[in-house]
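Here's the structure we're looking at; comments come further down.
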Amino acid sequence: MEHLDARHGLLQAVRDVSFAVPEGEILALVGANGAGKTTLLRTIAGAHRQTAGRVLFDGSDVSAVRANRRVGLGIALVPEGRRLFGGMTVEENLLVAGASGRAGRWTVDRVLEVFPMLRPRLKLSSGKLSGGEQQATAIGRALMTNPRVLLLDEVSLGLAPIVVDRVYDSLQAVIAAGATIVLVEQDLGRALRIATRVVCMLEGRVVLEGTAAGVTREQVTQAYFGLRRAGESGSSPT
Amino acid sequence: MWVDQILQGVLLGGYYALIACGLSFMFGVMRIINLAHGSIAVLAAYLVWMVAEQWKISPFLALVAVLPVMAAAGWLLQRTVLERSLRSGALTPLLSTFGLAIVLDNLMFERFGADTRSLAPNIGDLAFNSWSLPGGITVGYLALLTFVVAVALLGGLALFLDRTKLGRSIRATAEDADTAELVGVDSRRVYAAATAIALMTVAIAGTFLAMRATFDPYAGSTQLIFAFEAIVIGGAGSLWGTLVGGIVLGVAQNLGSQISPQGFLIAGHTVFLAILGARFLLAGRDPRALVHALRRKSA
């Protein structure tokens, strides 16, 4: 059994957060704007330096490992706002990641199977894509590095609901292949539907943690706005 | 007469494009304006000259020997100087490369003295032979070779950026180094490789400088100015734009020298300033928009 365990003690944005993500889990990270979700994901990916605490991957400490090396270990982040290489084609965006990441089963063809809407866009500059196509490219780019854990930051940001549905439908194919995912999602209903477990953050701390089936929408909403300290046995010591 | 001047200007533009190639490449990838560019070209010229004289070999063979040395120097330059400079903001690389230029110029003066050198005697016929075309036009062997090498080098670089794995990593890092890291690209290595490539092109440019003219330890700044003007005219960071910029500069200088004996440099600088001014006006008088316009065509 392989384990991903992440601990943080970040100044300001993320405060003394500890939780573990077992392999195969879909963990939804919810919380209001500024709760520290994006910073947390970026710290796990190595794009942001922690001020205290450790990030453990597979039992070993990767806190000092640079972001590009963590990709090689199997941690991939789909950043907020997609951040595609706009001057490059969709195919090139995928190939850059494929050439630099972990060896594995993901190829351009496999990404196109998951996101068929990208097929006619392959040779197009990624700056010219629609929002949904850009998001698909960003996820595909992360998949090309053959991650063992995929970090998704605000996949639905700036997209029409119907487009978000399509992106999430495609994600089901990734999940079915046995992916481990940590996702940040503003849409609570969607987060609870897709995830196996939910972590709610407030002002940089974990205020609620539980299985998606075990927490009610009301509990999450209360934790979300900090109305009441709700929590299960696994909640963080604050 | 005019046709001849324009043709000679185009060929001269090939030389300017060649000398500007490395400067353009480094700006396109790292947003560094390398003020030591001209001095490094002169340093490469001295290295090629030394190797050619020492072993009595052709400068082209000597260049082949110098290329890996310059590549290693580029790698070191990035890792020891530019990487640290880049971390401290946009102005620091300008200052550190300016300082490097002064150090290099004076070290070369210390080592080689004030004598002017040239590789022209080492290349025999190539230095002065030419083809005669109808209408009294002559095309020098060396001028044409310079132009062909410039086009081949710029084209080769463009292909390299477009088709190879390292090329794609360089373009991704040039666009967004943080995100490139997130897909597994080691931006420090990419930058070091890009600087190594840039300095190899500078070595080629330096060799042609030494073959077509004379050089001395302080010849770098003139080369830097022409290279910089070619880049600004052509759109900073764009490789093909650099070729166009070099040609525009070369043609302007040659036509200027037809108008007045002193017109050569003045015409070149005037075209440079006119195009800079035009971009400034088009960009709506906002200096930040101007910088953006300069960067717009980045490779």
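Here, each number is a calculation from the coordinates, and none is a lab measurement. Just so it is clear, the structure is predicted and the values come from calculations on it, not from any experiment. Please note: Cβ atoms are built from the backbone with ideal geometry, for glycine as well, and neighbour counts cover all protein chains shown.
Say we join alpha carbon atoms closer than 10 Å with springs in a Gaussian network model of chain A; which of A:Arg110, A:Arg70, A:Arg205 then has the biggest fluctuation?
Highest fluctuation of the listed residues: A:Arg110.
With the dipole of chain B worked out from charges on the C-beta (+1 for Lys and Arg, -1 for Asp and Glu) around the Cα centre, which of B:Leu142, B:Gly241, B:Ile170 lies farthest toward the positive end?
Positive-most Cα among the choices belongs to B:Ile170.
For chain A, restrict the atom set to alpha-carbon positions and state the Rg and Dmax in Å.
Radius of gyration, then largest Cα-Cα span, for chain A: 17.2, 51 Å.
Using the 10 angstrom Cβ neighbour count as an exposure proxy, how do B:Ile137, B:Ile204 rank, fewest first?
Ordered by Cβ neighbours within 10 Å, fewest first: B:Ile137, B:Ile204.
Within the P(r) computed for the protein assembly as shown, what percentage of the Cα pairs occupies the region above 41 Å?
Tail fraction, whole percent: 36.
How much of the DSSP bridge set in the protein assembly as shown is antiparallel, in percent, rounded to the nearest 5?
The antiparallel fraction comes to roughly 55 percent.
Just to check I understand the Karplus step: with θ = phi - 60° and J = 6.51 cos²θ - 1.76 cosθ + 1.60, what whole-Hz values come out for region A:21-33, glycine and proline as x?
Values, residue by residue: 10, x, 4, x, 8, 10, 9, 9, 9, 10, x, 5, 4 Hz.
Starting with the fewest neighbours, write out B:Met211, A:Met144, A:Met88 ranked by other beta-carbon atoms found within 10 Å of each beta-carbon.
Starting with the residue having the fewest Cβ neighbours, the order is A:Met88, B:Met211, A:Met144.
Could you give P(r) for region B:113-213, binned at 10 Å from zero, as whole percent values over all Cα-Cα pairs?
13, 31, 23, 18, 12, 3, 0
When chain B is treated as a GNM, springs tying every alpha-carbon pair under 10 Å, which of B:Pro121, B:Pro93, B:Pro68 comes out with the largest mean-square fluctuation?
Per the Cα network of chain B with a 10 Å cutoff, B:Pro121 tops the list.
What is the order of B:Leu91, B:Leu182, B:Leu199, A:Leu56, fewest Cβ neighbours within 10 Å to most?
Listed from fewest to most nearby Cβ atoms, that is B:Leu91, A:Leu56, B:Leu182, B:Leu199.
About the Cα centre, and with charges only on the beta carbon of Lys, Arg (+1) and Asp, Glu (-1), how big is the dipole of region B:2-219? Nearest 20 debye, please.
Here the size comes out at about 400 debye.
Among A:Gly36, A:Gly189, A:Gly81, which one moves the most in a GNM of chain A with springs linking Cα atoms closer than 10 Å?
Checking each option, the largest mean-square fluctuation is seen for A:Gly189.
Label point 7 Å out from B:Ile102 along Cα-to-Cβ: which residues of region B:13-48 have amide N under 18 Å?
Once the point is set 7 Å along Cα→Cβ of B:Ile102, B:34-40 turn out to lie under 18 Å by backbone N, inside region B:13-48.
Cα to Cα, under 16 Å, and not fewer than 8 places away if on the same chain: which aspartates and glutamates meet these conditions relative to A:Lys123?
In chain and number order, the partners are A:Glu91, A:Glu92, A:Asp109, A:Glu133, B:Asp162.
Would you pull out the residues with amide H under 5 Å of A:Leu208's amide H, same chain only if 5 or more places away, H placed 1.01 Å from N?
Amide H neighbours of A:Leu208: A:Cys200.
How big is the Kirkwood radius of chain B, worked out from every pair of different alpha carbons and given in Å to one decimal?
One over the average 1/r among Cα pairs gives 19.7 Å for chain B.
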